[in-house]
Amino acid sequence: MKDIVIEKSWKKKLEDEFDKEYFQDLKKFVHEEYATGKTYPHPKNIFRALNTCSFDEVKVVILGQDPYHGEGQANGLCFAVNEGMRLPPSLQNIFKEMESDLGHSVEKTGDLERWAKQGVLLLNSTLTVRSSDAGSHQGKGWEEFTDAVIQKLSTEREGVVFMLWGNYAKEKGKDIDWTKHLVLKAAHPSPFSAYNGFFGCKHFSQANEYLKKKGEKIIEW
């Protein structure tokens with residue numbers, strides 16, 4: 001990760017993290033993983049979520065868990081896949097809920113950079129993964145780093161919408177300041193849980209209504 005560039009506003013906000021022992025250990029681990037085998041996403045996309053959406057531009061945060069571990073899928077944005085890849089079931093369900101919620105069709109391409117450029121931080125808890133080995137980079141330090149990202153937004157910003165889907169995201173976002181932000185919770189969009197509270201959650205319209213009341217430009221989902 002030594003040559004990886006992080007967007008300047010995030011680099012400044014997170015500068016204390018880079019010198020901590022856990023991050024030094026994480027850097028060493030990730031470097032070795034890329035050097036010895038297939039690891040996703042491409043190194044240039046490890047910090048893509050931060051690089052596409054600067055600290056002051058964040059309007060909405062969607063929390064994921066791990067990058068996809070299949071060939072050519074992961075692109076650095078949670079729930080997103082590279083163009084040309086088949087849409088994963090969770091993303092298909094996200095689009096399905098979005099259309100039901102908003103009452104119109106939406107663009108169903110998998111990259112999702114169009115959201116990120118409007119201020120949607122698509123943040124995985126763990127930013128890298130070994131090929132065909134789900135969860136293989138958990139517990140190596142990424143969670144502490146992404147906790148710091150969330151905490152910075154919670155304490156230093158106001159009026160951000162946090163979408164927490166599933167128990168993992170809810171637990172990771174448990175310390176977000178509800179008095180300053182809109183925190184929306186639902187089941188995970190996975191086919192195993194989408195019918196238990198994701199479908200019908202109406203998070204996308206709620207987010208836009210909140211942004212509108214704040215005088216912010218809404219997200220064109």
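If the condition is being open to solvent by less than 90 Å² (accessible area, probe 1.4 Å), assigned to a helix (DSSP H, G or I) and hydroxyl-bearing (Ser, Thr, Tyr), then region 15-60 contributes Tyr22, Tyr34, Thr52.
Just the residues that are among the β-branched types (Val, Ile, Thr) and modelled with pLDDT of 95 or more, please, taken from region 15-36. Scanning region 15-36 gives a single hit, Val30. Those residues that are surrounded by 15 or more Cβ atoms within 10 Å (Cβ to Cβ), under 18 Å from the mean Cα position of the chain (by Cα) and part of a loop (DSSP other than H, G, I, E, B), I need them from region 79-97; list them, please. Phe79, Ala80, Val81, Asn82, Leu87, Pro88 - these are the residues of region 79-97 that are surrounded by 15 or more Cβ atoms within 10 Å (Cβ to Cβ), under 18 Å from the mean Cα position of the chain (by Cα) and part of a loop (DSSP other than H, G, I, E, B).
One line per residue, one yes/no per condition, for (1) within 19 Å of the chain's Cα centre (by Cα); (2) assigned to a loop (DSSP other than H, G, I, E, B); (3) at pLDDT 95 or above; (4) among the β-branched types (Val, Ile, Thr):
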{"residue": "Ser136", "(1), (2), (3), (4)": "yes, yes, yes, no"}
{"residue": "Glu158", "(1), (2), (3), (4)": "yes, yes, yes, no"}
{"residue": "Ile176", "(1), (2), (3), (4)": "yes, yes, yes, yes"}
{"residue": "His188", "(1), (2), (3), (4)": "yes, yes, yes, no"}
{"residue": "Phe204", "(1), (2), (3), (4)": "yes, no, yes, no"}
{"residue": "Ala207", "(1), (2), (3), (4)": "yes, no, yes, no"}
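Within region 161-172, the set of residues being surrounded by fewer than 20 Cβ atoms within 10 Å (Cβ to Cβ) and not charged (D, E, K, R) comprises Asn167, Tyr168. With respect to Ser100, determine if the residue is surrounded by fewer than 20 Cβ atoms within 10 Å (Cβ to Cβ), small (Gly, Ala, Ser), assigned to a helix (DSSP H, G or I) and touching a residue at least 40 places away in the same chain (Cβ under 8 Å). So Ser100 fits the description; yes.
Can you say whether Asn167 is closer than 25 Å to Ser105 by Cα, free of Cβ contacts under 8 Å to residues at least 40 places away in the same chain and part of a helix (DSSP H, G or I), as far as the supplied structure shows? Let's see the steps before the verdict.
Details: closer than 25 Å to Ser105 by Cα: no; free of Cβ contacts under 8 Å to residues at least 40 places away in the same chain: yes; part of a helix (DSSP H, G or I): yes.
Considered against the rule, which asks whether it is closer than 25 Å to Ser105 by Cα, free of Cβ contacts under 8 Å to residues at least 40 places away in the same chain and part of a helix (DSSP H, G or I), Asn167 comes out as no.
Listed residues Lys140, Lys202, Lys185, Lys117; which is among the basic types (Lys, Arg), at positive phi and open to solvent by 50 Å² or more (accessible area, probe 1.4 Å)?
Details: Lys140 fails: at positive phi; Lys185 fails: at positive phi; Lys117 fails: at positive phi.
From the options Lys140, Lys202, Lys185, Lys117, the qualifying one is Lys202.
Output the number of residues of region 1-14 satisfying the condition of being modelled with pLDDT of 95 or more and surrounded by fewer than 14 Cβ atoms within 10 Å (Cβ to Cβ). Going through region 1-14 one residue at a time, the tally reaches 2.
The values are calculated or read from the model by the stated rules, or taken from the named source; none is laboratory data. Predicted model, so just to flag it, every value in this text is computed and none were measured. Cβ coordinates were reconstructed from backbone atoms using ideal geometry, including for glycine residues, and neighbour counts include every protein chain displayed. SASA here: full protein model, heavy atoms, side chains in, ligands and nucleic acids out. Shrake-Rupley method; radii C 1.70, N 1.55, O 1.52, S 1.80 Å.
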